[in-house]
Amino acid sequence: MNEDNEIIIDVLNGNINSFRLIIEKYQRKMYNLAFQIVNDKDSAKDITQDVFIKIFNHLKNFNSNKKFFSWIYRITLNESLNWKKKSTYLEPIDELHAAEYSNPSVDYEKNERAIQISKALNKLDEKYRTLLILRHYNELSYDEIGEILELPTAKVKSRLYIAREKLRNLLGSYDNE
Amino acid sequence: MNNSKLTELTNKFIDNELTEREKLQLDELLKIEENKKYFTSLTETVGQFNKSKPPFNEINLEEKIMKKINNESNSSFGLKDIFSELFKGNKLGYAFSFAMGLIIATSLFLLQKENISLDEQFIQGTAADRSFDEAYFLDETSFNGSVKVKYSEGLVILDVDLNTLEQLDCELKFNKNEFSFFGVKSIKSESDSKFSTSNSSVRLTNLKGNRYLVFLKNLKDYPSKVHASFYSGNYTVANLTIDIKK
């Protein structure tokens, strides 16, 4: 039995405190994934907290034949995407949000490119944006992404190829402006 | 130019998945200027995208989340979980939930009624209780009360009713491989009562009249026991072994 499953059984047996180990292990990854999607630190924090509470409340529904990490990644992803859909008051990535991405110590041109990339990413269809984030920001393998999104690996691959192509086209259009 | 082949090989190059044979194929395709432009453009785009990754933020939400979880666990008790479980599902599930609700409502009504005559039953030494599968009565110098056992859908419900003039701690101990703590509901509280849990026990702290429903999830489907110990200060004033028959 893997370490995550042992902790889950302990929590389900009433040892609520063991849930700390789950939080400790996953909170940074989940927070950063949420942030990459919603582009807002406070919202990412709220999402992370909500996700952990949701996980705790539904722990008994977790299928131990599946990987725990893919389950919590999927919940974080869905919560973040739902949050993004609901928060109509937030504009797609702009200079203000892009400042979160860009490093003030690097030169203007690089920051400008970071802003363009953020804008392009937000213009992409959700399914392509998600794939690029999981693959390139989170450095997950195709198999891992397939488990999270419940897609065959071949589908993940072909969809990511399209996503890269679309990103290239969008950035190309900025270059031509 | 074979576009789809070039796309596939360029993406495989980005993912570092090219075989020796594919490397040669790609080299061949890149001899064409147009292909080379495409290759450079896509690899640069992905390279820039990789570099645009937001800095990894450190965060520590552990205490905040655990506080919320503990608060929820203490305030939601078991009934909420039971009902959310019951109301999940199809029409049959709803019908079942309705029937269960009716049974629970009737049981609670009967319990309430019987509570009034509890002392009298106890004085007469009655050990049987029709609304519960088992009932245990306690008559000690410092306190009196009862522990009744009910079974419902994989849950063992212990109805603990205690009357005491001094602070009395009741600890229910169980095997964590056989039961897990599911929730506790305070039915009557004449003074500030508290409870705490571990993975193999529930501790109820009482003064005056208190009544609780303690829900334990039955993890194994065979007879077992829950041990109840009653403490006044540092002294054990009573012990009780509760048979769990289902």
Practice item. Check A:N39 against each of (1) more than 17 Å from B:K68 (Cα to Cα); (2) touching a Phe, Trp or Tyr at 6+ places or on another chain (Cβ under 7 Å) and name the one condition it does not meet. Key: (2)
Revision key, fill the gap. Among (1) at pLDDT below 85; (2) part of a loop (DSSP other than H, G, I, E, B), B:N175 falls short only on (1)
Exercise for review: Return the total of residues in region B:193-224 being more than 18 Å from B:G145 (Cα to Cα) and surrounded by 14 or more Cβ atoms within 10 Å (Cβ to Cβ).
Suggested key: 11
Check your understanding: Hey, among the residues in region A:48-72 that are more than 13 Å from chain B (Cβ to nearest Cβ) and touching an Asp or Glu at 6+ places or on another chain (Cβ under 8 Å), which one's surrounded by the most Cβ atoms within 10 Å (Cβ to Cβ)?
Key -> A:F68
Review point. Across region A:123-132, what is the number of residues that are more than 9 Å from every other protein chain (Cβ to nearest Cβ), within 13 Å of B:F49 (Cα to Cα) and not basic (K, R)?
Key: 1
Exercise for review: Would you check which residues across region A:12-42 are among the polar types (S, T, N, Q), under 25 Å from B:G183 (Cα atoms) and more than 8 Å from chain B (Cβ to nearest Cβ) and list them?
Suggested key: A:S18
Practice item. Identify the residue in region B:165-177 that is farther than 14 Å from B:L240 by Cα and in contact (Cβ under 8 Å) with a residue 60 or more places away in the chain and, among all such residues, is surrounded by the most Cβ atoms within 10 Å (Cβ to Cβ). Key: B:L168
Check your understanding: Which one of the conditions (1) buried (at least 21 other Cβ atoms within 10 Å of the Cβ); (2) within 21 Å of B:S52 (Cβ to Cβ) does A:R28 fail to meet, given that it meets all the rest?
Key -> (1)
**Study point:** Selected residue (only one of B:K217, B:K176 is out of contact with any strand residue (DSSP E or B) (no Cβ under 8 Å at 6 or more places or on another chain) and within 13 Å of another protein chain (Cβ to nearest Cβ))
**Key:** B:K176
Practice item. May I ask you to list the residues in region B:6-26 that are more than 49 Å from the chain's Cα centre (by Cα) and either surrounded by 15 or more Cβ atoms within 10 Å (Cβ to Cβ) or not charged (D, E, K, R) (or both)? Key: B:L6, B:T7, B:L9, B:T10, B:T19, B:E22, B:L24, B:Q25, B:L26
Point to revise | Residue tally, condition part of a loop (DSSP other than H, G, I, E, B) and either among the aliphatic types (A, V, I, L, M) or over 16 Å from B:D169 (Cβ atoms) (or both), over region B:219-246 | key: 7
Review point. Any chance region B:199-208 includes a residue that's more than 24 Å from A:I16 (Cβ to Cβ), assigned to a strand (DSSP E or B), more than 14 Å from chain A (Cβ to nearest Cβ) and at pLDDT below 85?
Key: yes
Check your understanding: What about A:K45, is it at pLDDT 85 or above, more than 8 Å from every other protein chain (Cβ to nearest Cβ) and surrounded by 14 or more Cβ atoms within 10 Å (Cβ to Cβ)?
Key -> no
Practice item. Please work out which one of (1) within 12 Å of the chain's Cα centre (by Cα); (2) under 29 Å from B:F215 (Cα atoms) is the condition A:I53 fails and give its number. Key: (1)
Point to revise | Verdict on B:K64 being surrounded by 13 or more Cβ atoms within 10 Å (Cβ to Cβ), of a type in the set (K, R) and either at pLDDT 90 or above or not in a loop (DSSP other than H, G, I, E, B) (or both) | key: yes
Review point. What helices (runs of 4 or more DSSP H), lying completely within region A:97-177, carry at least 1 residues that are at pLDDT 95 or above and within 22 Å of A:S80 (Cβ to Cβ)?
Key: A:126-132, A:142-149, A:153-176
Practice item. Mind listing just one residue for me: the one in region B:142-172 that is under 26 Å from the mean Cα position of the chain (by Cα) and not in a strand (DSSP E or B) and, of those, modelled with the highest pLDDT? Key: B:G154
Exercise for review: Among the residues of region B:178-192, count how many are touching a Lys or Arg at 6+ places or on another chain (Cβ under 9 Å) and either assigned to a strand (DSSP E or B) or among the polar types (S, T, N, Q) (or both).
Suggested key: 10
Study note, to complete from the structure: Note on region A:20-71: residues part of a helix (DSSP H, G or I) and among the charged types (D, E, K, R) are A:R20, A:E24, A:K25, A:R28, A:K29, A:K41, A:D42, A:K45, A:D46, A:D50, A:K54, A:K60
Exercise for review: Return the total of residues in region B:33-50 being surrounded by 14 or more Cβ atoms within 10 Å (Cβ to Cβ) and more than 7 Å from every other protein chain (Cβ to nearest Cβ).
Suggested key: 4
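The values are calculated or read from the model by the stated rules, or taken from the named source; none is laboratory data. Just so you know, these numbers come straight off a predicted model, no measurement behind them. We place every Cβ from the backbone using ideal geometry, glycine too, and count neighbours over all the protein chains shown.
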